[in-house]
Amino acid sequence: MSDAAVRVEPPSAWLFVAFVVAFLADMSFFRLFVPYDHRLSDFLLRQQSERHPPDPNIVLVIADDKSIDVMAEEVDRWPWPRRVFGEVGRAIAAQRPAAIIFDQTFADHDRRDPKSDEAMSDALRGIPNVYFPFVRGDATGDATGVQLRALAKYVGLDPNSGPEAKANILLPRALDPALWKLGAINIFPDTGDGVVREGDGVVREYPIAIDTHGWPLPSMAARVARDLGYRVPNGPNMILSWPDRKRKQISFIDLYDDVRRRARGEPGERPADEFTGKIVLIGASATGIADRHVTPRYRSDQGTDIMAVALENIIHERDLHNVPWPFVVLVGVGLMAMVWLGFVRGWGSPAIGLFLLVATLLLHGIAYVASEYRILYHSSSPTWFAWGLYGAMALRAFVLERRFRHRAVEQFSRFLNPVIVRELLERGGLPKEATARMVTVLFCDIAGFTGIAEKLKPDALVALLNLHFSTQVEIIFRHRGTLDKFIGDAMMVVWGSPIPDPEHAERAIACALEMQAALPSFRQSLPPELRSFDFGIGIHTGEVIAGLVGPEKRLEYTAIGDTVNVANRIQALTRGVCRILISEDTRRFAGKAFKYVARGRFRIKGRVNEIDVFEPEGEGR
């Protein structure tokens, strides 16, 4: 069989180029795989969070469900009178904390107890490190909003921007503005780019400053950290790394009980230095009033704790930074290049798939380790595109392999029984190297062919040969023989190659007997002048060299050696003797499967010793 007929052509570069272009387009414009990047990075950050305990110097005082229930009985229902917060804030300030942050807006006056607002302001007056929040509202209300120049001194900004700019901002108007040290408590979940993709609503970033008509209004975490002397990252946002969720939280009612005990002159039950040097955030987590968000570490993180995480990121410089875009592109293109090169080099889909699996796990491992060093590496997109290229090229290889198998079956089926063809393909095709094999070789030659050729026109002669060959090849295939080649009006058939067959001699003799048995009916199909048609068959068993033989562009699978020559010489001995002759070696290998008639001893060309030949009788098994 021609080697060119079975060789799968190497892949062209167009598929690789197409995937690279798609990858670059997605990275630059479409960002369709960003959700997959986020999901993977969220998972990795969630795993990392378990290794990092929260900063013990950031403490949360939380209005939890217990506090709401008890305070409703003892003080008032939520929202509690502002004087309560003032009392708690002043008690905390007495312990000299680094900062006290209220995570409640106090935007409306207390209508149930109007004097309560003033009581809170009086309680907190003179405490320099108490911070109150503001909320940046919807920009559609900016026209009737707060003049930003007037707000500058409360947010720690120099009035260096548009003097007439206004913004819709919710301020703590219930409190004396003299107390205001303000920071924004806005938290912005991922909402997508609004063009080609939607966000998933997960909080991954925290604002450093909210750009409002040119005014960089600071977030609460950035404002407090800056006032405490910590370096605040540049840029409008920072990407958060996440500590474990087991942050110390104090139930508001527990602290308020202690405050009331001390106010009555009773000894307190809580440590007198519980908040010394600490940053204290006062917020709420009770059902129905909590400000909750989905984060990478939890599906319901309270806003106060997210602010605490942002403070930790700034204080300990734990905020994350994305890997530069060119590096991600280089990794993605390099990975796809390796996949494409693997198919070009013929490594095979399983080996390339294993390589890609190892590379994917390695890149994800690098992403995990990189997050420890404040680097956020999105390893999902490059691997998605690499796997996409792998899938496309594996599918291409599968289709080509199917086409190759179909061609191979067609090609081999000219020489082999289709059952043997399938068996051969399951073994991986023809052996790559020629090997010595014990086989049985059969030669069949038409008797008196020269005389027949002289009587017939060329087209009639070809038709006769085709009819003869098709009849005999059907019989040969039925007996699992390999049609090695046609030699003019002769055929060479081999048993035991390319598929080993321990019964090669028996099958060859049985095939010859059936070929002989089919001759009478074949003659009846011929014109009267051709009904003397006859042939001779010679069979010999021995060792041959079997394999692909010939120049690179015209390789043929065949058997060569002395055994082939002897079989051909035995066939020539059939003239005037009988129709089928086999050698002593074939008779010995076939055993007692047939009866034989000795037809003498002959000297053949190329052999020093004479050989005994036999005519088989009867039907094979």
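What the table below lists for this structure:
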| read-out | value |
| --- | --- |
| Which listed residue is acidic (Asp, Glu), touching a His at 6+ places or on another chain (Cβ under 9 Å) and outside any strand (DSSP E or B), from Asp55, Asp76, Asp69 | Asp55 |
| Candidate set from the stretch 455-475 (those that are β-branched (Val, Ile, Thr) and touching a helix residue (DSSP H, G or I) at 6+ places or on another chain (Cβ under 9 Å)); member that is nearest to Phe535 (Cα to Cα) | Thr471 |
| Residue in the stretch 594-601 that is closer than 30 Å to Ala434 by Cα and at pLDDT below 95 present | no |
| Filter pass, Gln524 being touching a strand residue (DSSP E or B) at 6+ places or on another chain (Cβ under 7 Å) and among the polar types (S, T, N, Q) | no |
| Considering residues of the stretch 480-516 that are among the hydrophobic types (A, V, I, L, M, F, W, C) and without any contact (Cβ under 8 Å) to a residue 40 or more places away in the chain only, the residue surrounded by the fewest Cβ atoms within 10 Å (Cβ to Cβ) | Ile487 |
| Residues being without any contact (Cβ under 8 Å) to a residue 40 or more places away in the chain and in contact with a Gly (Cβ under 9 Å, 6 or more places away or on another chain) - total across the stretch 113-126 | 3 |
| The stretch 68-83: number of residues that are under 20 Å from Trp180 (Cβ atoms) and surrounded by 20 or more Cβ atoms within 10 Å (Cβ to Cβ) | 2 |
| Sole exception among (1) over 20 Å from Pro35 (Cα atoms); (2) at pLDDT below 95; (3) not charged (D, E, K, R) for Pro207, by number | (2) |
| Residue ranges of strands (runs of 3 or more DSSP E) in the stretch 236-351 with at least 1 members touching a residue at least 12 places away in the same chain (Cβ under 8 Å) and among the small types (Gly, Ala, Ser) | 249-251, 279-284 |
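The values are calculated or read from the model by the stated rules, or taken from the named source; none is laboratory data. These numbers come from a predicted model, not from an experiment. Backbone-built Cβ (ideal geometry, glycine too); neighbour counts: all protein chains shown.
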